[in-house]
Amino acid sequence: MRISVLCNRGPKGEELPCAFHLGGRRLPILAILSRWTATPHRYFEVSVDDGRRFVLRQDASVRCWELAGVFAAPRPQPKPKPAPLPLQPRASALSLRWWRFGR
């Protein structure tokens, strides 16, 4: 799937993706997780603000970007339930009445 990618120049003068448009929505790239080259393409695994990960592929000869892969956001782990409090013995209402009366 062809996509529109916005790039910035990296410290070595190479183009690095900083945001891309998918389905009419602009997705800013928070981090480039990995990158590799497989002639004639360059690949970037990136993460976006909602936790999803994408693999973007650039054909260097044509300067065309494609979406090569999508990974869902990790599911949040449920919080462990607190341990129940130990039961305390309760005095009956009848014994409390007799105790108060005897005072």
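What follows draws every value from the coordinates through simple rules; no lab data is involved. A quick note: this is a predicted structure, and the numbers were derived from the prediction, not measured. A quick note on method: Cβ atoms are made from the backbone with ideal geometry, for glycine too, and the neighbour counts reach across all protein chains shown.
A few comments on the model shown:
- Note that region 34-39 has calculated 3J(HN,Hα) couplings of 7, 8, 7, 10, 9, 3 Hz, one per residue in order, obtained from phi through the Karplus relation 6.51 cos²θ - 1.76 cosθ + 1.60 (θ = phi - 60°); glycine and proline are x.
- Local charge for L27 was computed over the other residues whose Cβ lies under 12 Å away, with Lys and Arg +1 and Asp and Glu -1, and equals +2.
- Between L30 and F71, full extension at 0.36 nm per residue minus the direct alpha carbon distance yields a gain of 13.3 nm.
- Whether the chain is rounded, prolate or oblate, judged on the alpha carbon gyration tensor where a/c under 1.5 counts as rounded: prolate
- Report summary: the helix-based calculation at 222 nm, which adds -39500 (n - 2.57) for every DSSP H run with n ≥ 4 and divides by the residues of the chain, gives -3000 deg cm²/dmol.
- Helix 93-102 and the long axis of the chain differ in direction by around 40°, with both axes built from C-alpha atoms.
- The slack in the chain from A19 to H41, taken as 0.36 nm per residue of separation less the alpha-carbon distance, amounts to 6.0 nm.
- Under 5 Å, built H, 5+ apart or other chain: amide partners of A19: L6, I29
- The order of the peptides 74-87, 5-18, 35-48 by mean Cβ neighbours within 10 Å, most packed first, is 35-48, 5-18, 74-87.
- 5 angstrom amide H check on L33, placed H, neighbours 5+ away: E45, V46, S47
- FRET efficiency for D50 and A83, using Cβ-Cβ distance with R0 set to 22 Å, rounded to 0.05: 0.05
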